[in-house]
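Working notes for the structure below.
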Amino acid sequence: MSTKPAVKTAAKTAPAKRKAEAAVATSESIDSQIAAFLASGGEIQSIPSGTSGQTYGKPASKTAAKPQKA
């Protein structure tokens with residue numbers, strides 16, 4: 001009888017993930033971007049907590065829905 005030789009298959013692994021930058025480098029980058037923005041005449045607005053910037057979809061109604069007459 002003839003037998004097939006054992007063939008090893010490579011284990012399937014996910015591609016290596018890129019290592020995240022250090023938080024210090026990211027924070028410094030943001031600080032420099034803010035400084036450049038302000039230096040170019042940009043202005044930072046203060047937005048009240050709870051305000052959403054999402055504008056898609058039907059706006060929520062502040063009043064309860066009225067029952068429909070049959």
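Read the figures in this text as sums done on the coordinates, not as results from a lab. These figures come from a predicted structure and were not determined experimentally. Note that each Cβ is placed from the backbone with ideal geometry, even for glycine, and that neighbours are counted across all protein chains shown.
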Expected sort for 42-51, 23-32 on mean C-beta neighbours within 10 Å, highest first, is 23-32, 42-51
Expressed in nanometres to one decimal, the distance between label points 7 Å along Cα→Cβ at residue 25 and residue 38 is 2.5
